[in-house]
Every structure is written in structure tokens, then in C-alpha cells.
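A.B. asks: Below are the C-alpha cells for one structure; questions will follow.
The values are calculated or read from the model by the stated rules, or taken from the named source; none is laboratory data. Keep in mind it's a predicted model, so treat the numbers as computed, not measured. Cβ placement follows ideal geometry from the backbone for every residue including glycine, while neighbour counts extend to all protein chains displayed.
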Amino acid sequence: MRFLFDRNTWQEIFGSIGKNKIRTIITIVGVLWGIFIYITLSGASKGMDNGFERMFETIARNSMFVWAQSTSMPNEGFKTGRQLQLKLGDVTMIENRIPEVQYIAPRNVKGFFGSTPARVGRGKESGSYPVFGDFPTFTKIAPKKIYDGGRFINDEDIEKARKVCVIGERTEKELFKKGEKTIGGFIEIDDVFFQVVGVHKFDASGGFGGDGDIFIPFATFKKLYNTGDNVGWFSIAAYDDVDVVKVEENIKNLLKNIHKVHPDDERAFGSFNLGEQFGKIIGFAKGITFLSLIVGIATILAGVIGIGNILLISVKERTKELGVRRALGATPNEVRSQIILESVFLTMIAGVMGIILGAGTLSLISSFTKDIDFPYTNPTVPIPYVIGALLIMVVLGTLIGLIPAQRAVSIKPIDALREE
Amino acid sequence: MIEIKDLHKSYKMGSNSLHVLKGINLSIEAGELVAIMGSSGSGKSTLLNILGMLDEADSGEYNLDGVPIKNLNETKAAKYRNKFLGFVFQSFNLINYKSAMENVALPLYYQKVPRKEREQRAMKYLGQVGLKEWATHLPNELSGGQKQRVAIARAMAAEPKVLLADEPTGALDSTTSYEVMDLIQKINDLGNTILVVTHEEDIAHMCKRIVYLKDGVIVEDKKVEQVRASTYV
């Protein structure tokens, strides 16, 4: 160990490395390139990972939608093709029977799935906007960013069937003049006055929806459009650690049971499992991360092998010098450690330079992609990866250095001296 | 200083074995300046290599300053070389990316002498060979004679018990040869034991004793009247 921190050792190493600068530079470039690729790739894939995370952060990852369709099999005396309708009562049944469900939000909409959007007006301004009937639970599944001073629908709104609404950014822009106070203002939805209690920030993620969406209490929606206990669809979030696919199946089976649908009828209820899709995308991102790891390490390996190769040539060139050193009293161990240290030192220098260069490139890419719509956020290489890479380099540098080092000491000093 | 008894060495060349040293007996006292002469193939270099612990004899005894040299592993041999021996080669064998001073300091590095002291001692020996002003020059900026003087300074830097010179003048013209021999004689005058392998009569006669080798045996071993090289310079 003393050897490592001895100034003399390093002088010897700098001496022999500095002897052939071009060769040293080429050697360094080999590993530098490897580590650069490794850092850039793993950083970029991390950035993509982060990008996907951000895309999905606004929606519970284990969430799904379930809606009713029509039967495709006769059952209990009902004919095929019976149109099914989800009911508010299904919620309690699902909550009670399927413990994996964390949140369930029944939703209704006017303006999607064939229904015409509501006419919304304020003074002279008017437009068509989709209107959703919602419970407060909905924000647990798909959090809505509400602008300052506003709020989403709360339990009291539901209880009292208040005529309040949360509008979108676009709706606000189109119905309210600049400088006008939106919160507390009134708008007309299909000829009924509603008070605005919040403005939500539009987020492209989380399925359908837009910047013109209007949310009103489910109970108010029911009264306004006379929907009774009918529910358009359920937004459901399962607990994080459960198998969403299984939960989806359980829910559909339960619904089939409630609605007297044949257990094998696959078309009766439709569903979209966001959790499953999310899992696929995460899996894809993981695959890319893994791939970049493999490619990066392989490139580092190639670079380190290059170092070994060049050191081997260098040892051959220096046979005589090493012979002289040994005639002057260098022990085989001293010769061996010198060459290994040269290898490790070159590898480390190249590695650190590659890391710096890679980090620079990553921040450059990051600044280019900041403003475009691309799932790429904060590309960083986790510190353990960097340390791991450095460790790999030291280990590989040592291992690869062993070959020329062994070669150097395997030549007898007498033969080394004789060589011309 | 050097005690050799019945030294044998043979080299395997495929199926044949080449008997190079066929029982050498040699005794060298401290302070001697001995020339080993012989035509090529007489075994003089092999003998020097064995004396220099660069090679090992097949049989026989070798005592260096009372230390039996036997069954050395490389590490031990390296330690002994560093402690007991200084080498001067025909082709100088300076390390070409090190300055004259650094070359001279190299054996001291392997003795783990601290840098400051190493440089001081290297400068002292460079001064002795008259190359103090050339300390920072690289070998390729020096003439052949200067290179060999640096090599001698390097061999002396470790303050060895015996200086082994393998054809030290082999690559030099006669004038520089005499300069180098003058230096070797001066070092010998200081009491150092020196062995010079050569095939040049005039160089051999600048030593105090000549050992003639032929076909692996010593055919003649005589003390001679030393010719001072300085008379030629």
C-alpha cells in the first residue's frame, strides 16, 4: 500500500507514460470513449425513465377504467345484445368485495362517447365543453392541479348537490376576460348557473381529457342530466403492490355477477388497464436501461482491452528497459506493480475524463430537449453506476495490466538485456 | 571478494546441450581490477552473467563477499544485485526518457532512498565522471563516451561491492575507450573491485590481472603491469 502513495512510484509512472505521448493519448481515448458511451447511454435511458415517470406521475400507476358494453351471450333468460348500465350501487359492491381496490370513482360525462358537449356560456361568450360529473375521490386517482385559490369538488358539494364547477384553463381563457376574477364567478352550463370554484391545469397524461374540461359534482350532474344512478364508467385505483391484471379480472367478474351476465361473456364490460400499460412502458424503459448498461460495459471492456493491448506492445518495446531496471535491482514485484499501476492509472484518467465528457453531453441533450414534447427529463447517471463504472475500470485495468506485467517479469533480465 | 569453485554451466539447444563453462575456479580479492578475456564463445559473458546473478550456474559454488549465492529467486537476486553489484554494459543501456541524473539515481530508487538524497548522490557521482553540467540532458543528447560515463556513474551510485563491466568499450572508438578506461582505473584506485570483460588486448592490459578463458576453462590467469589509460588521453 505504501507503494501506492509513494511519490517516487508515481514519478516512475509519469515518466514512462509521458515517454510516448501519442500512444498514451490513443490509449486513453479508447477507454474514454467506452466510459463516455456508458455514461451517455445510461444517463439518456435514465432521462427517458424519468420522462415516463413524469408522464404518469399525474395518475395512479395501478389505475384502470371499467365501462359497460352490451352482452354477447344469453344468460338467465336475457337475450344477447342487452345494453348494460353501470350503477352507483356497484361502487359499494366493488369496495366491499374487492379489498385490493384503493379508490373507486364513478364518473359521468357529457361530451364524450357520442353525447353532445354541454353549451356553456357567460354573458356574451359561449362555447361547447365536455362536462364531467365527479366525486372528490377522482383526484386521488388522477390528481388535478388546481390553480391558486381554487379547489376541486368536495364531499359537501356532493351531499348538497351544489351547483359549483371546476373549469379548464382554456374555458377560463375563453369565457373570462383578462383580469377578471374567475373563482367565484358564474357560468351557465346548459342554462343552469354554476359557480366556479377552481381552475385546473391541463395535463396531457392520464388518458382522455383536455384543457376545456368542466368538472361538476356527480350529484349535480345527476340532477342536471337526469341520469339517476347511472354511471358512465369507473376510474379505479388498486393498491401499489397488487397485481392490477388480476384486480381488473375480479372487478369484471363481480360486475358480471351483479348485472347477471354470463361469466364467460368477455364483451359485456370494457376496460382499459392503465397499470398494465404503464407496466409495459416501464418494462420497455427498463429494457433500454439494461441494454445501455450492457452496451456501455461492453464498450468499456473493449477500451480496457485496448489499454492492455497497447501496454503489451509497450512492454515488448521496453523489454530492454525493464531488463536494465531489473539488473539495477528492481524486483519482479516492483516491475509488475509498476505496469499494473500504469494500466490502472491510464484507465482511471480516461474514465474520469469520459465521465466528465459524458455528463457534459447529457446536460447538452437535456437543454435541447427541455422544450419539446418528449419523454426525457433530468438525465442523470446514478452515483452507484458511476462508482460501479470506476470500480469496474480499476478491476479491469488491473486484470488487463496483469497480462503485460506478467509478460514483463517472465522475461529473464539477461534475455531482456541481450535483446537489441 | 569473489570466490568461485568448479562452476559449470550448459545451455540446452534443442536436443543438444552446449557446455559453456567447464569447471571455473576463480578468486578475486577486494580492490582488484580484473580483465576477463577470450574469443567469442569462450564463455566470458556467461561467466559475467553468473557473477552478476543474471544467470545461475548448474553446479559449483559462488561466494560474493562471504555470501553464498545459491538458489536465488528473482526477488532475492534483484535485492542482491542492487546491494552488491554495479553493471556497465556494452550498449550503455541507459533509459532514454530519463535524464542523465535520473538514470544515475535509478538504482537508488530501488534501494528506496528518498528523492532528495537520491538526487544529491546522483549528482555527486555525475561529478565524479565529469558530467555534472550534463545532468539534465537525455541520453540521446550525449556522445557515446558520455553515455558510458553516465552508465558507470549509475553503476557506482549504489556503491556496490563489485563493478561488472561487459565490454564497456565495445561500442566506442579508441580515444573514448581510453577515457572510459581511465575512469574505470580511477574508480579502481579508490579501492573498488572491478571486473571487465573484453576481447581487446590493450584494454585488458589496462587492468591489473588478466584471466584468459577458452572453451569454458581458464587457460591463463596472470597479474600484469597496469598500463595507465591517462597516458593515451
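A.B. asks: Name the residues in segment B:84-107 that are of a type in the set (S, T, N, Q) and under 17 Å from the mean Cα position of the chain (by Cα), would you? Outline the logic, then answer.
C.D. replies: Taking segment B:84-107 as the starting set, the residues that turn out to be of a type in the set (S, T, N, Q) are B:90-91, B:93, B:96, B:99, B:103.
Within segment B:84-107, B:90, B:91, B:93, B:103 qualify.
Residues are listed down the side, and each one gets a yes or a no for (1) assigned by TED's automatic domain parsing to the domain that holds residue A:129; (2) farther than 30 Å from residue A:281 by Cα; (3) of a type outside the set (Gly, Ala, Ser); (4) surrounded by 17 or more Cβ atoms within 10 Å (Cβ to Cβ):
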| residue | (1), (2), (3), (4) |
| --- | --- |
| A:156 | yes, yes, yes, no |
| A:168 | yes, no, no, yes |
| A:172 | yes, yes, yes, yes |
| A:178 | yes, yes, yes, no |
| A:182 | yes, yes, yes, yes |
| A:186 | yes, yes, yes, no |
| A:194 | yes, yes, yes, yes |
| A:202 | yes, no, yes, no |
| A:223 | yes, yes, yes, no |
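A.B. asks: Looking at segment B:203-220 only, could you name the residues that are within 10 Å of residue B:37 (Cα to Cα) and among the charged types (D, E, K, R)?
C.D. replies: Selection gives B:214, B:220.
A.B. asks: Report every pair of residues separated by at least 6 positions or lying on different chains whose Cβ atoms are under 7 Å apart, first residue within segment B:11-37 and in a strand (DSSP E or B), second acidic (Asp, Glu).
C.D. replies: Partner pairs satisfying both residue conditions: B:23/B:6; B:25/B:6; B:27/B:3.
A.B. asks: Mind checking which pairs have a first residue in segment B:205-225 that is closer than 16 Å to residue B:41 by Cβ and a second that is exposed (fewer than 14 other Cβ atoms within 10 Å of the Cβ), Cβ under 6 Å, 6 or more apart or different chains?
C.D. replies: B:212/B:219; B:212/B:220
A.B. asks: Have a look at B:220, B:133 and point out the one that is in contact with a strand residue (DSSP E or B) (Cβ under 8 Å, 6 or more places away or on another chain) and away from chain A (no Cβ under 14 Å). Working first, answer last.
C.D. replies: Values: B:133 fails: in contact with a strand residue (DSSP E or B) (Cβ under 8 Å, 6 or more places away or on another chain).
Within the list B:220, B:133, the selection yields B:220.
A.B. asks: Further question: For segment B:86-97, give me each residue that is facing chain A (nearest Cβ under 9 Å) and either free of Cβ contacts under 8 Å to residues at least 40 places away in the same chain or in contact with a strand residue (DSSP E or B) (Cβ under 6 Å, 6 or more places away or on another chain) (or both). If you could, list the steps in order and put the result at the bottom.
C.D. replies: Step one: filter segment B:86-97 for residues facing chain A (nearest Cβ under 9 Å), giving B:86-87, B:89, B:91, B:93-97.
Within segment B:86-97, B:86, B:87, B:89 meet the criteria.
A.B. asks: How many residues are buried (at least 24 other Cβ atoms within 10 Å of the Cβ), free of Cβ contacts under 8 Å to residues at least 40 places away in the same chain and closer than 19 Å to residue A:17 by Cβ when one looks only at segment A:291-344?
C.D. replies: Result for segment A:291-344: 2.
A.B. asks: Give me the residue from segment B:203-222 that is in a loop (DSSP other than H, G, I, E, B) and more than 24 Å from residue B:161 (Cα to Cα) and, out of that set, farthest from the chain's Cα centre (by Cα). Let's see the steps before the verdict.
C.D. replies: Narrowing segment B:203-222 to residues in a loop (DSSP other than H, G, I, E, B): B:205-208, B:215-216.
Right, trim to more than 24 Å from residue B:161 (Cα to Cα) and you get B:215-216.
Working: B:215: 22, B:216: 20 Å.
The extreme case among them is B:215.
A.B. asks: As an exercise: evaluate residue A:78 against (1) buried (at least 22 other Cβ atoms within 10 Å of the Cβ); (2) not charged (D, E, K, R); (3) not assigned by TED's automatic domain parsing to the domain that holds residue A:292 and give the number of the one condition it does not meet.
C.D. replies: For residue A:78, the exception is condition (1).
A.B. asks: Here is a follow-up. For segment A:281-325, what are the residues that are within 14 Å of chain B (Cβ to nearest Cβ) and in contact with a Phe, Trp or Tyr (Cβ under 9 Å, 6 or more places away or on another chain)?
C.D. replies: A:321, A:324, A:325, listed by residue number.
A.B. asks: Residues that are without any contact (Cβ under 8 Å) to a residue 40 or more places away in the chain and within 25 Å of residue A:231 (Cβ to Cβ): find the helices (runs of 4 or more DSSP H) completely inside segment A:100-212 holding 1 or more of those. So that I can check it myself, show each step before the final result.
C.D. replies: On the way: elements: A:138-141, A:155-159, A:169-175.
In segment A:100-212, the matching helices (runs of 4 or more DSSP H) lie at A:138-141, A:155-159.
A.B. asks: From the set of residues in segment B:65-85 that are polar (S, T, N, Q) and facing chain A (nearest Cβ under 8 Å), which is surrounded by the fewest Cβ atoms within 10 Å (Cβ to Cβ)? Full working, then the answer.
C.D. replies: Taking segment B:65-85 first, the residues polar (S, T, N, Q) are B:71, B:73, B:75, B:82.
Okay, now just the ones that are also facing chain A (nearest Cβ under 8 Å), so B:75, B:82.
Details: B:75: 13, B:82: 23.
Looking at the filtered set, the residue picked out is B:75.
A.B. asks: Identify all residues within segment B:38-64 that are more than 9 Å from every other protein chain (Cβ to nearest Cβ), over 19 Å from residue B:193 (Cβ atoms) and outside any helix (DSSP H, G or I); write none if there are none.
C.D. replies: B:38, B:39, B:40, B:41, B:42, B:43, B:56, B:57, B:58, B:59, B:60
A.B. asks: State whether the residues of segment A:66-82 include one that is at pLDDT below 80, touching a strand residue (DSSP E or B) at 6+ places or on another chain (Cβ under 8 Å) and over 30 Å from residue A:291 (Cα atoms).
C.D. replies: No; the residues of segment A:66-82 include none that is at pLDDT below 80, touching a strand residue (DSSP E or B) at 6+ places or on another chain (Cβ under 8 Å) and over 30 Å from residue A:291 (Cα atoms).
A.B. asks: Can you pull out the helices (runs of 4 or more DSSP H) entirely within segment B:106-202 that have at least 3 residues that are more than 22 Å from residue B:35 (Cα to Cα) and out of contact with any Pro (no Cβ under 7 Å at 6 or more places or on another chain)?
C.D. replies: Values: elements: B:115-128, B:144-157, B:174-189.
Hits in segment B:106-202: B:115-128.
A.B. asks: Criterion first (surrounded by fewer than 20 Cβ atoms within 10 Å (Cβ to Cβ), of a type in the set (Ser, Thr, Tyr), part of a strand (DSSP E or B) and touching a residue at least 12 places away in the same chain (Cβ under 8 Å)) does residue A:271 satisfy it? Break it down into steps so the answer makes sense when it comes.
C.D. replies: Numbers: surrounded by fewer than 20 Cβ atoms within 10 Å (Cβ to Cβ): yes; of a type in the set (Ser, Thr, Tyr): yes; part of a strand (DSSP E or B): yes; touching a residue at least 12 places away in the same chain (Cβ under 8 Å): yes.
Yes: the conditions hold for residue A:271.
So that you can scan it fast, the table gives a plain yes or no per residue for (1) under 29 Å from the mean Cα position of the chain (by Cα); (2) within 19 Å of residue A:172 (Cβ to Cβ):
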| position | (1), (2) |
| --- | --- |
| A:120 | no, yes |
| A:124 | no, yes |
| A:130 | no, yes |
| A:139 | yes, yes |
| A:147 | yes, yes |
| A:152 | yes, yes |
| A:155 | no, no |
